[in-house]
Structure formats: C-alpha cells, structure tokens
Amino acid sequence: MRAFEDRRESGSVRETENGRNLPHETLTRRADEAARAGADSVQGDPFRLRYHFMPASGWMNDPNGLIQYRGEYHLFYQHYPYGDKWGPMHWGHAKSKDLVRWEHLPVALAPSEFYDLGDKDGYGCWSGSAVESDGKLVLFYTGHVDGRKPTEAQCMAASEDGVRFEKFAGNPVIADVPDEGERFGFRDPKVWRHGDRWYMVVGSGKNGRGQALLYKSAGLTDWEYVGVAAESDGTQGDMWECPDLFPLGGKHVLALSPMNMEGTKNLYLVGEMDYERGVFTPEAQGKLDDGFDFYAAQTFLDDKGRRILIGWMDMWGSKMIAENRGWYGAMTLPRELKLLPDGTLASVPVEELNALRGEELAYEELRLEDGRPRSWSRPAAMEWLAELDSDGTTAKELEIRLTGEPDEEDVTAIRYVFAERKLTVDRERSGMGDGGVSTSVLPPSAGDRIKLRLFADTSSIELFVNDGQRVVTNRIYPRTSSRSLVLEAVGGEVRFANLKLWSLGDGRDGEEG
Ligand code: FRU
C-alpha cells in the first residue's frame, strides 16, 4: 500500500509541461494507469466485494452519468485514482451488458481546464449525468474550483465512441448561479429530454433551504434559467445534492441527497411537474433507503422502460474512510423503482441479479419454535429470501442474525416486532466499521404480509422488505471469514411459508484488468 500512496506524488494532476497544463487525454491516461496499477495490491483485501461494483483501486463516491448507450449500460463515478481518499475528482467509467458484470473502461474525465483544475485540493470534475444526442454520449458535470468565484459551473463533454471524452470548447455551459445573493452550492446537473426540449436540474440552497434549479435548452449548449423547480419546506435540508427529477407511473419524482436534514440523508418527493411554469409540486415524501450507507443515488431509464437507481453504498464521514486499504467505495445493487398505489416508492433489485444465484437451499415450510434458534453456515456472498406464514405465526418478534462463528462474534441483528410492524437493523457489533441501529416501520397497507429478501456481500447487507416497500443498506466489516445465519423466534412461534438461501457468484467474472 505504500507504493500506492507514493503514486499520488508522482502522478499529481497538477504536473505541467512547459508551464502549461497537460492535455486532457494525457491526464485521463495517467489516471487510468494509476487505477489499474493499484488493482493488484487491493486483491487480497477481504472486504473487496464479490458482486457489487467497486473501482479497480483508489477512491470512489457518487454514481454519475448512468445511461444505456448503444445497448450497453454505462456507469461513471466520482473517482480519485491516485489514492484511497477523496481528492481532485475524475470520472471513472465502466460498462455492462446486464447490470451485473461490469467491465472497467478508461477514466473518462480528469481535471484539466480553468473551470475544473485549481491550486487547492477541492477541485475537479464533480458529479453529473449523461444523455445521448445525435449518436454521441454527452456528459454534464460540475467544474469545481475552490478559492475562485464562481466556484461551481456546469460543463459538458462528449464522446463519439462512448470511451474517449472531449470537453466542450465553450465550457462552462452555465458559468454562474442564476441570481444575486449567497447560494450554498450550485452543482450536480441532471439532464433529461421532455418533449422537444432538454431540461436540467442543478442542486443548490438559498436562505437555509435546499433547492432544485431548473434550466432548459434546445441544443444542449445554450441553457436558459427557468426558475426554482422545488425547494425545501424548511425541514428538508439546506442544500440539495444530486437532484434527479423523472416521471414514474403517471407522476414525477424528485430524488435528493439533502445536506443537514434531520433524520435522513436521502429523500424522495412524489408529485406533479408543470413544465409550463417549471414548477414541481410535491404531494408525498419518503426515504429511498433507511440504512446508513446510501447516498447520491441517480436513476436512468432503460430500453425495457425500467427506471433504474444506483446509489453510493457508503457515507461521508464513515469510519472506514480513515483506513488505508488502497481503495474505497462501492455501489448499491441496481434497483428498479416502482410507484405503489399508496403514492410511495418501492425499489426492487433488477431481475438480472438472479443470474448470480448458485447453490440453493430451499424449504417449503419452516417452523421456528420460541427461543430455539436455527442456524446455517453461509457463504460471504449470499441471498436469502423468506415469506412468513402469518396464520401460523404467534411470536412477538423474529430475529435474524448474521454472525461470525463459533461464538457469534461480530453480529449484525435484524429484528422485526410484529405488533408495531417495526424493523430494526443493528450493526452495533457488526465488526470494524461504524455502529448504529436503523428503524423502519412498514406501512399499514403491508398488513400481516412479510417478505424479506437479504443480499449479503463480504462487507455489505441490503435488505428489501415486501418487494422494496422498505430498503435498508449498510456496510458491515466482520472480522471473521466463517459466517452463519441464525433465525430465532421470540415470544411464540414463527412459520415461514417458504425460505430460500443461495450462494451468489462473482459478478466480476467479465471484468477486465
Ligand atoms: C455528493 C457530492 C456531490 C459532489 C460530489 C463531489 O456526494 O458531494 O454534491 O458533486 O459529491 O465528489
């Protein structure tokens, strides 16, 4: 790992040639070489994930530029290839045919110009999105330069082949905030097409309220400010990072990563979008995920008509960021979003993930007697699916524990309290990472029905309750490699109508380098 840290010096993006900045092409190539060179040294890390997307090496945060282009899924991401901490932001890039097996592609964007390259560390090509126009893959991102005003501006880059990107000569396409007065942030452009126009929302905040600013354009390079599409009601944070506005099931959804909001770091609003007035009116709100490691989610529409969401499966400030492991960051499983009849959202793992299923253990019925736990040894990468038989269940609680063997070291405990429809995920004793207990309450419409689907990877768990009515995503870092799954009924009996356990294969099979 030492060699890894040294590279930050030798590969510094601030290097110049005859006093001038190196060309973008050279900078992306160097960045890519650095990420690939670090790949070997991170191989042995037991916390490298088996079927979740990660950078080959180095740092990764937000998913960017999600798009299906020429039949393939593209995932870009905030990337610092010269170290395992956040640094001058590049855009990493990968593609996939099935959303399961990803192939690393060359780094797409590196800081190289006056609007994204600065002298202080907080500069770079910050988050954004992708669209297809005239056969080209076009990226929008925020050029961020600390210590300069304006600090943030919206920029564009395009590619003919979906691999090499050239920055637009007329950048930035939106050079400054649209109005007078102090703004808290002006970043993370999300662009989409509606009717005969392009639209863009940009995350910002004013007077202590998060905002999504709306722009429109006929040809992608000239943007006209429409106005504030939506604003915090005073309880929804003071800056809205990564806003994403999209149609779903006859409504519109605004997904956000609010800063300084009490109780959550992710939020969605469901409502109506009036394109004439440029105003989104929310009618309902909720959390996309109740866990601790879910941020900066972005969605895109694929050719099957699915609205697919991927989030950063980590959180700013998490304890593991401090570790020097040569890499950091993972993406959640891709999830299909659905609007439910009660006006809330559900997110379900995309069906392609079933291809990861290996060995299966299946029960048609299973009874858990009060206080008599049952346990299975399990692989690190697994999926568990269980449906309760509510008629036969008399217990007050069901507890599901993911533990290390033999004495239940490093326990992650999922508890469901039937009377309150309350689910907690407790990672206080999960291992090396952060602790915390999250609480989710199922809506009354759930009734007695409980279907649990749990995806575990070497250092993550994602729990989907009742086909994604609630989702809980956490990183966990258990110290032991032998693992079990323990089920226990408390205060009565629990009956399962069916229960299945699969070992999951390695989603990296098709990965190159
Ligand atoms: C969200 C975020 C974005 C920003 C990016 C910088 O996690 O803070 O607002 O563009 O990360 O890496």
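Would you point out the residue of segment 248-267, among those that are assigned to a strand (DSSP E or B) and more than 16 Å from the ligand (Cβ to nearest atom), that is farthest from N61 (Cα to Cα)?
To start, the set of residues in segment 248-267 that are assigned to a strand (DSSP E or B) comprises 248, 251-259, 267.
Right, trim to more than 16 Å from the ligand (Cβ to nearest atom) and you get 248, 251-253.
Details: L248: 26, K251: 29, H252: 26, V253: 23 Å.
Across segment 248-267, the extreme among qualifying residues is K251.
Given the criteria open to solvent by less than 10 Å² (accessible area, probe 1.4 Å), at pLDDT 95 or above, away from the ligand (no atom under 15 Å from the Cβ) and over 15 Å from the mean Cα position of the chain (by Cα), does Y73 qualify? Taking the combined requirement at face value, the residue satisfies it.
When the residues of segment 76-103 are narrowed to those that are in a strand (DSSP E or B) and in contact with a helix residue (DSSP H, G or I) (Cβ under 8 Å, 6 or more places away or on another chain), which ends up farthest from V145 (Cα to Cα)? Give the derivation first.
The first filter runs over segment 76-103 and keeps only residues in a strand (DSSP E or B), leaving 76-80, 89-96, 102-103.
Subsequent filtering for residues that are in contact with a helix residue (DSSP H, G or I) (Cβ under 8 Å, 6 or more places away or on another chain) retains 79, 90, 92.
Working: H79: 16, H90: 13, G92: 19 Å.
Filtering segment 76-103 for residues that are in a strand (DSSP E or B) and in contact with a helix residue (DSSP H, G or I) (Cβ under 8 Å, 6 or more places away or on another chain), the one farthest from V145 (Cα to Cα) comes out as G92.
Looking at segment 173-210, which of the residues that are of a type in the set (V, I, T) and more than 14 Å from the ligand (Cβ to nearest atom) is surrounded by the most Cβ atoms within 10 Å (Cβ to Cβ)?
First, pick out the residues of segment 173-210 that are of a type in the set (V, I, T): 173-174, 177, 191, 201-202.
Narrowing the set further to residues that are more than 14 Å from the ligand (Cβ to nearest atom) leaves 173-174, 177, 191.
Details: V173: 19, I174: 26, V177: 20, V191: 24.
The extreme case among them is I174.
The single condition among (1) away from the ligand (no atom under 12 Å from the Cβ); (2) closer than 18 Å to F186 by Cβ; (3) over 23 Å from the mean Cα position of the chain (by Cα) that K136 does not meet is (2).
For G227, state whether it is touching a residue at least 24 places away in the same chain (Cβ under 8 Å), within 16 Å of the ligand (Cβ to nearest atom) and either farther than 26 Å from L345 by Cβ or assigned to a strand (DSSP E or B) (or both). Taking the combined requirement at face value, the residue does not satisfy it. Considering S41, S129, S112, the condition of being under 24 Å from L220 (Cβ atoms) and not in a strand (DSSP E or B) is satisfied by S112 alone. Screening R449 on (1) part of a loop (DSSP other than H, G, I, E, B); (2) open to solvent by 30 Å² or more (accessible area, probe 1.4 Å); (3) over 30 Å from A355 (Cα atoms) shows it passes everything except condition (3).
If you scan segment 146-172, which residues turn out to be within 16 Å of the ligand (Cβ to nearest atom) and charged (D, E, K, R)? Before you say what the answer is, go through the steps one by one.
Here is the first cut: in segment 146-172, the ones within 16 Å of the ligand (Cβ to nearest atom) are 146, 150-157, 172.
Once the filter is applied, which keeps residues that are within 16 Å of the ligand (Cβ to nearest atom) and charged (D, E, K, R), segment 146-172 yields D146, E152.
Conditions tested, residue by residue: (1) crowded, with 18+ Cβ neighbours inside 10 Å; (2) within 16 Å of the chain's Cα centre (by Cα); (3) on the phi > 0 side of the Ramachandran plot; (4) free of Cβ contacts under 8 Å to residues at least 24 places away in the same chain.
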| position | (1), (2), (3), (4) |
| --- | --- |
| D314 | yes, yes, no, no |
| A362 | no, no, no, no |
| G371 | no, no, yes, no |
| R374 | no, no, no, no |
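Specify which of the listed residues (T412, T393) is in a strand (DSSP E or B), in contact with a Lys or Arg (Cβ under 7 Å, 6 or more places away or on another chain) and surrounded by 17 or more Cβ atoms within 10 Å (Cβ to Cβ). Every option except T412 fails the conditions. Based on this model, can you work out whether E283 counts as more than 14 Å from the ligand (Cβ to nearest atom), of a type in the set (D, E), part of a strand (DSSP E or B) and open to solvent by 10 Å² or more (accessible area, probe 1.4 Å)? Answer is yes for this residue.
Give the residues of segment 309-332 that are assigned to a loop (DSSP other than H, G, I, E, B) and either touching a His at 6+ places or on another chain (Cβ under 7 Å) or of a type in the set (K, R) (or both), sorted by residue number. First the steps, then the outcome.
As a first pass, look at segment 309-332 and keep what is assigned to a loop (DSSP other than H, G, I, E, B): 313-318, 323-326, 329-330, 332.
Matches in segment 309-332: M313, R325, A330.
Screening the candidates G435, G492 for the property of being assigned to a loop (DSSP other than H, G, I, E, B) and closer than 26 Å to L361 by Cβ yields one hit, G492.
The values are calculated or read from the model by the stated rules, or taken from the named source; none is laboratory data. In this text, all values refer to a predicted model and were calculated from it rather than measured experimentally. Glycine gets a Cβ as well: all are built from the backbone with ideal geometry, and neighbour counts include every protein chain shown. Please note that ligands, DNA and RNA were not included when accessible areas were found on the heavy atoms of the full protein model with its side chains. Shrake-Rupley method; radii C 1.70, N 1.55, O 1.52, S 1.80 Å.
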